Amino acid sequence: MNKVIKYGDNVDTDVIIPARYLNTTNKQELTSHAMEDIDPDFHKKITAGDIIVAGKNFGCGSSREHAPIVIKESGIALIIAESFARIFYRNSINIGLAIIESPEAAKEINEGDELSVDFENGLITNKSQNGKEYKVAPFPEFLQGIINGGGLVAVAASGELH
Amino acid sequence: MTLTQKILAAHAGKETVAVGELILANLDRVLANDITAPVAIEEFNRIADAKIFDPDKISLVMDHFAPNKDIKAAEQCKTCRDFAGEHSIPGFYDGGDMGVEHALLPEKGLVTAGDVVIGADSHTCTYGALGAFSTGVGSTDMAVGMATGKAWFKVPAAIKVELTGSLQPYISGKDVVLHLIGLIGVDGALYQSIEFTGEGVASLSISDRLCICNMAIEAGGKNGIFPVDEITLEYLKSTGAKEPKIYTADEDAVYARVIKINLSEIEPTVAFPHLPENAKTFKEIGEVKIDQAVIGSCTNGRLEDLVAAAEIFKGRRVAKGVRTIIIPATQKIYLEALKLGLLEIFINAGALVSAPTCGPCLGGHMGILAAGERAVATTNRNFVGRMGHVKSEVYLASPTVAAASAIAGKLFDPRLLPQLTAGAVEN
């Protein structure tokens, strides 16, 4: 896992992917506008595998699934936030974008830090802050099943949704 | 159990549910619009041999970029239209049969008390006003909901909002919900239900309740919900909705938090940029000039909202330079406004009247702001760039505040309108 790009509280879906671009479902075209209204240099700053760290209520506002889609398609491997807006949270799980809720980690990790994340054991290690570790609560079994099954559509298609 | 928990338990086939429990619930209605349905359709088509679980329970409403604002929007609506045809979905709404989704579904009697509704639109929480559990989800949930008739939910805790008193003239549900969001913040109800109770409920119209539940999401809420009373039952009867199923919260229901609001003390309230929690009353509002006023949307585009605005506009003119756009939320509301003479009042006051659309609310079309411009709007969000340029500003308010502000050319308390001099009105 890689470098951190940091944002504040209440990053809303209107700045993640402005509604004016939602007249298409083309993922590449949508992704070219990711984070455009909060961070016009987003695509220049990141490389595949980078991690977004943010404050409270990340992804608030609209239910548009285009928001987690463009973040995932941009190459962001994980979002760590103090908290997530609930629709963004379920959309991320449903499409298989990794998210971690950790107020402590979200507060202490800085822009540019390098992290390593062990999902299996629920551990974030900040390589840029003397290996400081954060323990993360695992997802409930039901949600882990959706994630492991490749997202909600794949799970539903296999008839495993019950 | 809370009211929400009761409805969820019944739809999951369980006697009881506990906060945090993950359940699969049966759905009474699955909704999407022209922006979210195309993504859902792509996902639905990834499920081999997928069939719609019940075509009568699907609603596809073309409202966000409709009437089609450009070629791409037209293609998206066509995708939805073709899908509805292919799967024999009767509930496809477009053209002269359309309206803003959360005004349209209650009006057409497609939601009743006790229902569980998901919609690929965050303001699906509106129908809590009718005693239903309804919540916004993404397109993938919509796709799987269409295929299976089910959705997963984490059972929410609830905030209880006890209402007393009754609203003063010129004050409406919008002021109540902006006040509430100002109190608890944009994440104040995160992962939670907001359940309204108390003697004050009886003084609120269905229109007020729909507006209040509509903005539960702006406090991060999973849903907002009102108990079912005579007013609800009368409304449901008038829309021809199916037989309501009335659930009530247990006496010993546990709430995460209790908030008391005396409706009699609510004042005209405006949420300043760029968060709905930046609620201010006119005691705290200085001179804020505006370039545009928008009255409409799923929050405030109902007939009662237009009547309230028309009372303000009657015999007055909007200030020079203030583009005033009025959008009846459905065709039925438009027609009723026409019959009541409201459209004539708006046009004589110098306002534009548009066909139903979500248009300007999300910066889609029909009223986009340039850099540095300000709008007062009866919509629901004032995030950065929401109605246009990233350097524009949106001030959220009620229909009476928006109308009074359009006339004054600046944010204005509707209760003080008679004090505006004739000169100021005409300037």
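What percent do you get for the relative contact order of segment A:2-114 when only Cα pairs under 8 Å and 6+ apart count? Each step should come with its number before you reach the end.
On the way: 236 pairs, mean separation 35.9, N = 113.
About 32 percent, as a whole number.
Taking the Cα centre of the protein assembly as shown as the origin and placing charges on Cβ (Lys, Arg +1; Asp, Glu -1), which of B:Gly296, B:His64, A:Gly131 is farthest toward the positive end of the dipole?
Positive-most Cα among the choices belongs to B:Gly296.
Quick one: among B:Glu284, B:Glu101, B:Glu265, which has the greatest mean-square fluctuation in a GNM of chain B with alpha-carbon springs under 10 angstrom?
Ranking B:Glu284, B:Glu101, B:Glu265 by mean-square fluctuation puts B:Glu284 first.
Please average, across the residues of B:119-127, the number of beta carbons from any other chain that are within 10 Å of each residue's own beta carbon, and give a whole number.
Values: counts 1, 5, 4, 10, 2, 2, 0, 0, 0.
If you average over the peptide's residues, the count of other-chain Cβ atoms is 3.
Taking the alpha-carbon set of segment A:2-114, what are its Rg and Dmax in Å?
12.6, 38
Report Rg/Rh for the protein assembly as shown, rounded to two decimals, where Rg is the Cα radius of gyration and Rh the Kirkwood radius.
Answer for the protein assembly as shown: 0.96.
Number of Lys-Lys pairs in segment A:16-130 under 18 Å by Cα, sequence gap 8 or more or different chains?
For segment A:16-130, the number of qualifying lysine pairs is 5.
How crowded by other chains is B:61-67, given as the mean number of beta carbons from other chains within 10 Å of each beta carbon?
1
What order do you get for B:Thr379, B:Thr248, A:Thr47, B:Thr281 when you list them from fewest to most C-beta neighbours inside 10 Å? All intermediate terms of the calculation are to be shown ahead of the outcome.
On the way: B:Thr379 27, B:Thr248 12, A:Thr47 8, B:Thr281 16.
Least crowded to most crowded, the residues run A:Thr47, B:Thr248, B:Thr281, B:Thr379.
Identify the GluC sites (Glu not before Pro) of segment A:58-162 meeting these criteria: DSSP loop state and at most 14 other C-beta atoms within 10 Å of the C-beta.
Here the sparse-neighbourhood loop sites are A:Glu111, A:Glu120, A:Glu160.
Just tell me which lysines come within less than 22 Å, Cα to Cα, of B:Lys108; anything on the same chain fewer than 8 places away is out.
B:Lys57, B:Lys237, B:Lys242, B:Lys245, B:Lys332, B:Lys339
Using the Cα gyration tensor of segment B:246-289, with a ≥ b ≥ c the square roots of its eigenvalues, what is the shape: rounded (a/c below 1.5), prolate (a/b larger than b/c) or oblate (neither)? Mind showing how you got there, number by number?
Working: a/c = 3.50, a/b = 2.56, b/c = 1.37.
Prolate is the answer for segment B:246-289, as a/c is 1.5 or above and a/b outweighs b/c.
How about segment B:1-70: which GluC sites (Glu not before Pro) there lie in a loop by DSSP and see at most 15 other Cβ atoms within 10 Å?
B:Glu15
Shape verdict for chain B, please, from the Cα gyration tensor: rounded (a/c under 1.5), prolate (a/b greater than b/c) or oblate.
It is oblate, given that a/c is not under 1.5 and a/b is not larger than b/c.
Take the alpha carbon atoms of segment B:8-27, find their center, do the same for segment B:38-57, and report the distance between the two centers in whole angstrom.
Rounded to whole Å, the Cα centres lie 24 Å apart.
Around B:Ala120, under 9 Å between beta carbons, what's the net of Lys plus Arg minus Asp minus Glu among the other residues?
That works out to -2.
Set the Förster radius R0 to 45 Å, insert the Cβ-Cβ distance between A:Asn148 and B:Lys260 as r into 1/(1 + (r/R0)^6), and round the FRET efficiency to 0.05.
0.50
Using +1 on the beta carbon of Lys and Arg, -1 on that of Asp and Glu, and nothing else charged, what's the dipole of segment A:2-114 about the Cα centre, debye to 20?
340 debye
Explain nothing, just the number: dipole magnitude of the protein assembly as shown about its Cα centre with +1 on each Lys and Arg Cβ and -1 on each Asp and Glu Cβ, in debye rounded to the nearest 20. Kindly include the intermediate steps, with their values, before the conclusion.
Numbers: 54 positive and 73 negative charges, 199 e Å.
Once rounded to the nearest 20, the dipole reads 960 debye.
Only Cα pairs within less than 10 Å get springs; with that Gaussian network setup on chain B, which residue of B:Cys80, B:Cys298, B:Cys211 has the largest fluctuation?
B:Cys80
Assuming R0 = 35 Å, what is the FRET efficiency of B:Ile71 and B:Leu24, from their Cβ-Cβ distance, to the nearest 0.05?
Plugging the Cβ-Cβ distance into 1/(1 + (r/R0)^6) gives 0.30.
Tell me which of B:Phe383, B:Leu342, A:Thr47 sits at the most positive position along the dipole axis of the protein assembly as shown, charges placed on C-beta atoms (Lys, Arg +1; Asp, Glu -1).
Selected residue: B:Leu342.
If you place +1 on the Cβ of every Lys and Arg and -1 on the Cβ of every Asp and Glu, how big does the dipole about the Cα centre of chain B come out, in debye to the nearest 20?
Once rounded to the nearest 20, the dipole reads 840 debye.
Measuring from label point to label point, each 7 Å out along Cα→Cβ, what is the A:Gln129 to B:Glu15 span in nm?
4.7 nm
Counting just the Cα atoms, what span does segment B:28-148 cover along each of its three principal axes? Round to the nearest Å and put the largest first.
Extents along the principal axes: 38, 33, 22 Å.
Could you tell me the calculated FRET efficiency between B:Asn348 and B:Ser88, based on Cβ-Cβ distance and R0 = 41 angstrom, to the nearest 0.05?
Values: r = 46 Å, r/R0 = 1.12.
Efficiency, from the Cβ-Cβ distance: 0.35.
Modelling each spin label as a point 7 Å along the Cα-to-Cβ direction, I'd like the B:Ser166/B:Thr281 distance in nm, to one decimal.
2.0 nm
Taking the Cα centroid of segment B:280-339 and of segment A:31-64, what is the distance between the two, rounded to the nearest whole Å?
Spelled out, the Cα-based centre of one part sits 35 Å from the other.
From the alpha carbon gyration tensor of segment B:299-427, can you work out the equivalent ellipsoid semi-axes (sqrt of 5 times each eigenvalue) and give them in Å, largest to smallest?
With the √(5λ) rule applied to segment B:299-427, the semi-axes are 21, 19, 12 Å.
What does the structure give for A:11-18 when I average, per residue, the other chain Cβ atoms found within 10 Å of the residue Cβ?
Across A:11-18, the average partner-chain Cβ count within 10 Å equals 5.
In whole angstrom, note down how far apart the Cα centers of segment B:385-406 and segment B:136-210 are.
Taking the Cα centre of each part, segment B:385-406 and segment B:136-210 sit 22 Å apart.
Restricting to DSSP loop positions (anything but H, G, I, E, B) with no more than 15 other Cβ atoms inside 10 Å of their own Cβ, which trypsin sites (Lys or Arg not before Pro) remain in segment B:331-384?
Counting only loop positions with at most 15 other Cβ atoms within 10 Å, none of the trypsin sites (Lys or Arg not before Pro) in segment B:331-384 qualifies.
Springs between alpha-carbon atoms under 10 Å, Gaussian network over chain A: tell me which of A:Thr25, A:Thr13, A:Thr125 tops the mean-square fluctuations.
With Cα springs under 10 Å in chain A, the top fluctuation among A:Thr25, A:Thr13, A:Thr125 is at A:Thr25.
What's the local net charge at A:Val153, with K and R +1, D and E -1, over the other residues with C-beta under 11 Å away?
Within the 11 Å Cβ shell, the charges total -2.
Rule-based calculations on the coordinates, nothing more; no lab input. A quick note: this is a predicted structure, and the numbers were derived from the prediction, not measured. Methodologically, a virtual Cβ is constructed for each residue, glycine included, from the backbone with ideal geometry; neighbour enumeration extends over all protein chains shown.
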